[in-house]
Amino acid sequence: MQRRHFLRALGATAAGLAAMRAAFGEDSVTNYIAPVPADTGAAGNVIVIGGGMAGASAAKYLRVWGGQRVKVKMIERAPSYVSNIMSNLVLNGSRTISGLTYKWDKLVANYGVERIQADVIAIDAAGRTVTLAGGQKLPYDRLVIAPGIAFDSIPGLGTAALQAQFPHAWQAGASTTTLRDQIRAMPSGGTFVMTIPKAPYRCPPGPYERACVVADWLKRNRPGSKVIVLDENPGIVAEKESFTRAFEQTHAGVIEYRPSEILVSVDPVSKAVITTNSLMNTTQAWKGNVLNPIPRQRAPKILADAGMLNAANPNESEPKWVKVDAKSYEHLDTLHFPNVHVIGDPAAHGMPKAGHVATMEARVCADAITRYLRGDRPMDNPVANSACYSPITFETASWLTAMYQYDSASRQMKAFEYATGMFASGEAGVADKDNFDQMNKWFVQLMADTFA
Ligand SMILES: Cc1cc2nc3c(=O)[nH]c(=O)nc-3n(C[C@H](O)[C@H](O)[C@H](O)COP(=O)(O)OP(=O)(O)OC[C@H]3O[C@@H](n4cnc5c(N)ncnc54)[C@H](O)[C@@H]3O)c2cc1C
């Protein structure tokens, strides 16, 4: 325990910060275009479903590492990609959705990824094909599934119109700007009520970050306002020390944090979130000028329809996610789902559901597929890191980082700390401007590496 505390402390100070800087570069963005080799010995047809953080990274690195005889079709339904990462900063006006929008042109031009704009509606694992809306079937040798997440419905918000009126904005886009406009329309002394779903969900620190960003904006622009945070979890899920400090000190008197509040419904007429406290068994209505209920999450329907869900949340029996072997990100049931890899938010592997992590999964997966396609086996001991910066005000941020290593017994990734302390897990000791500047550099680098 003492060693763990020591490494944790180290992570929160100089060594952790140095590790973050070493990982993401001190000053500039690398726009290095890696060549696609003519022949690496690997050959085959790979289909990637989804061009988000996971899918775009996988498509790129399959070409860079696999070479020109690995043909990659990336099937993405949207005309462009809106980054969820940094989208909380749209709420305080410091970023825009158009500034967070990315295209795949460079993946096509620089790496020879074939981009198909279409909706994949079915997967036939036995026949090794995917079906597009419109009926066309495409064959594959290896399939990478990276479609992000789906949201559970919230009682009381049964129609698309009501969902638009009370946006969760957990999939960045038009709903994020709607939420921003609603916050701007709040009166001084108003109330913003948000809910946090039971973990696991996309981006563990994200909702706490949102509470801070909104509180900071309200404090400056709508004095006397409050942010009520109703968390289904028994406590802060990620960056506990940073967010406790933010809630109790930086935003004291503005943020009211309530753990163990299970979302029952939303009453659109009285504009209230109804919750039951799981410890006290009491039910309460929380009225607000703006409601931001973030629903519980699961793997998208396409994975459920294909029968691929095999992992339930703690204390639940319904499978909602796809447990994979984190050595290659293959489905655990290789008999029924041969050559099928699942990466990004729908995959369960021991690491958080986050964009930075998704790009790590994509690399390990692309490397494993490249090896398979030249008759080899995946690497035995992949490592990955998770890195996250969280804005606490419009100009300060905290951070969290962790290293993971493959555990062959569980076939999952496990957090570990190097004996040197160089890459110790940890979170920022303080939220400051320096971290905020580093956050912007990390983001530019991450997106450049994913989409260029
Ligand atoms: C507010 C917020 C803040 C966040 N902040 C951070 C952060 O600071 N750091 C971090 O690391 N992560 C952060 N995240 C989490 C991060 O955005 C996700 O973990 C990441 O986007 C997951 O990548 P993905 O590729 O799995 O899914 P996505 O990025 O959602 O991509 C999925 C893609 O698949 C496409 N698709 C889906 N189904 C189909 C289909 N059937 N056919 C064709 N295309 C399909 C979609 O159109 C989409 O483009 C944040 C999330 C939110 C909501």
The range 208-265 shape via C-alpha gyration tensor axes, a/c threshold 1.5: oblate
Rg in Å to one decimal, and Dmax rounded to a whole Å, for the range 185-231 via C-alpha atoms: 11.6, 34
Solvent-accessible area per residue for the range 36-176 (1.4 angstrom probe, square angstrom): 39 Å²
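Rank by packing, highest mean first: peptides 202-212, 163-173, 384-394, 98-108, with packing defined as the count of other Cβ atoms within 10 Å averaged across residues.
Packing proxy ranking, top to bottom: 202-212, 384-394, 163-173, 98-108.
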Calculated Rg and Dmax of the chain using C-alpha coordinates, Å: 21.8, 66
Solvent-accessible surface (1.4 angstrom probe) belonging to residue 309, in square angstrom, nearest 10: 40 Å²
P(r) histogram, all alpha-carbon pairs of the range 233-335 included - 5 Å bins from 0, percent: 2, 9, 13, 14, 16, 14, 12, 9, 6, 2, 0, 0
Listed residues 109, 97, 131: farthest to the positive end of the dipole of the range 66-134 (Cβ charges): 109
Carbon and sulfur %, accessible surface of the chain computed with the full protein complex present, 1.4 Å: 54 percent
Probe 1.4 Å, protein heavy atoms only - accessible area per residue of the range 216-273 in square angstrom: 43 Å²
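Could you work out [θ]222 nm for the chain from helices alone, using -39500 (n - 2.57) per DSSP H run of at least four and dividing by all its residues? Round to the nearest 500 deg cm²/dmol.
Value at 222 nm, helices only: -8500 deg cm²/dmol.
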Acute angle (nearest 10 degrees) that the helix 14-24 long axis makes with the longest principal axis of the chain, alpha-carbon atoms: 50 degrees
Charge sum, other residues only, whose C-beta stays under 15 Å from residue 277's C-beta, Lys/Arg counted +1 and Asp/Glu -1: -2
Crossing angle, helix 174-184 versus the chain [Cα axis fit, 0-90 degrees, rounded to tens]: 20 degrees
Cβ-derived FRET efficiency at R0 25 Å, residue 114 paired with residue 448, nearest 0.05: 0.70
Modelled FRET efficiency - R0 30 Å, residue 270 with residue 221, Cβ distances, 0.05 increments: 0.70
Extreme residue, positive dipole direction of the chain, given options 34, 391, 319 (C-beta unit charges): 34
On Cα atoms only, tilt of 433-451 relative to the major axis of the chain in degrees: 30 degrees
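The values are calculated or read from the model by the stated rules, or taken from the named source; none is laboratory data. All values derive from a computational prediction rather than experimental measurement. All Cβ positions, glycine included, derive from the backbone under ideal geometry; neighbour counts span all protein chains shown. Surface areas here come from the heavy atoms of the whole protein model, side chains and all, with no ligands, DNA or RNA. Shrake-Rupley method; radii C 1.70, N 1.55, O 1.52, S 1.80 Å.
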